[in-house]
1. Counting only residues that are more than 13 Å from ASN90 (Cβ to Cβ) and polar (S, T, N, Q), which one in segment 104-130 is surrounded by the fewest Cβ atoms within 10 Å (Cβ to Cβ)?
2. Could you check, for segment 91-103, whether at least one of its residues is buried (at least 17 other Cβ atoms within 10 Å of the Cβ), among the aliphatic types (A, V, I, L, M) and over 23 Å from GLN126 (Cα atoms)?
3. Please determine, by comparing only the residues of segment 94-105 that are of a type in the set (S, T, N, Q) and in contact (Cβ under 8 Å) with a residue 24 or more places away in the chain, which one is nearest to PRO33 (Cα to Cα).
4. What are the pairs with Cβ atoms under 6 angstrom where one residue, in segment 116-143, is under 14 Å from GLY29 (Cβ atoms) and the other, located anywhere, is surrounded by fewer than 14 Cβ atoms within 10 Å (Cβ to Cβ) and among the hydrophobic types (A, V, I, L, M, F, W, C)? Sequence gap at least six, or different chains.
5. For segment 15-44, give me each residue that is over 22 Å from ASP136 (Cβ atoms), assigned to a loop (DSSP other than H, G, I, E, B) and either modelled with pLDDT of 90 or more or basic (Lys, Arg) (or both).
6. Taking the residues in segment 69-93 that are in a loop (DSSP other than H, G, I, E, B), touching a helix residue (DSSP H, G or I) at 6+ places or on another chain (Cβ under 9 Å) and without any contact (Cβ under 8 Å) to a residue 60 or more places away in the chain as candidates, determine which candidate is nearest to PRO129 (Cα to Cα).
7. Quick check on my filter: what residues within segment 45-66 are in contact with a His (Cβ under 9 Å, 6 or more places away or on another chain) and in a helix (DSSP H, G or I)?
8. Checking LYS51 against (1) within 18 Å of the chain's Cα centre (by Cα); (2) farther than 24 Å from GLN158 by Cα; (3) at pLDDT 95 or above; (4) surrounded by 13 or more Cβ atoms within 10 Å (Cβ to Cβ), which single condition isn't satisfied?
Amino acid sequence: MNTSLLKKLALAALLAGTVLTAPAALKVGDAFPDLASFKLEGKLPDTLKGKIVIVDFWASWCGPCKESFPAMNDLQKKYGDQGLVIIAVNEDEEQSDMRDFLKANAAAFAVVRDAKQKLVAVAGIQTMPSSFVLDDTGKVRFVHGGFHGAETRKEYEQEIESLLKK
């Protein structure tokens with residue numbers, strides 16, 4: 001076997017391995033995984049069945065995450081009685097980092113921690129914050145990467161209202 005062919009085979013194997021091990025990011029239309037199966041720290045809502053759910057991934061070191069918390073609080077207050085549930089999934093390694101953040105940035109919604117980042121990996125999170133807006137059947141209907149102030153807040157409101165009208 002010539003060295004050129006060996007190099008091509010090695011490159012093909014390397015590329016195949018990269019493709020096979022890359023995280024499969026959740027996308028619109030996918031069923032969101034069962035949160036209870038990830039052994040997240042904290043209390044999940046008793047039921048999500050029939051609810052519009054925002055699953056928001058954040059970290060204490062993330063500036064835009066700090067900006068997003070007041071918007072999430074407002075959304076929960078405005079739409080909670082209509083069936084919206086917000087679950088903030090923290091990915092800090094140290095629980096104290098999350099606690100310190102929450103002392104300065106109160107949350108009017110459920111907060112859990114994915115310290116081992118298993119859910120983060122399944123969701124394919126690459127940007128902080130990242131969120132998934134789920135319909136009442138648990139399917140991903142909208143995906144957000146980052147938080148861009150009033151623009152993102154308006155998008156959330158439009159998406160929630162469209163799902164509540166179903």
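The values are calculated or read from the model by the stated rules, or taken from the named source; none is laboratory data. Nothing here was measured: the structure is a model prediction, and the numbers come from that model. Here the Cβ positions follow ideal geometry from the backbone for every residue, glycine too, while neighbour counts run over all protein chains shown.
1. My answer is GLN126.
2. No: segment 91-103 contains no residue that is buried (at least 17 other Cβ atoms within 10 Å of the Cβ), among the aliphatic types (A, V, I, L, M) and over 23 Å from GLN126 (Cα atoms).
3. First, the residues of segment 94-105 that are of a type in the set (S, T, N, Q): 95-96, 105.
Next, only the ones that are in contact (Cβ under 8 Å) with a residue 24 or more places away in the chain stay: 95, 105.
On the way: GLN95: 23, ASN105: 27 Å.
Once the filter is applied, the top-ranked residue is GLN95.
4. These pairs meet every condition: GLY138/ALA31; LYS139/ALA31; VAL140/VAL28.
5. So the first thing to find is which residues in segment 15-44 are over 22 Å from ASP136 (Cβ atoms), and the list is 15-25, 39, 41-42.
Right, trim to assigned to a loop (DSSP other than H, G, I, E, B) and you get 22-25, 39, 42.
Within segment 15-44, LYS39, GLY42 qualify.
6. GLU91
7. Across segment 45-66, the qualifying residue is only PRO64.
8. Going through (1) within 18 Å of the chain's Cα centre (by Cα); (2) farther than 24 Å from GLN158 by Cα; (3) at pLDDT 95 or above; (4) surrounded by 13 or more Cβ atoms within 10 Å (Cβ to Cβ) one by one, LYS51 breaks only (2).
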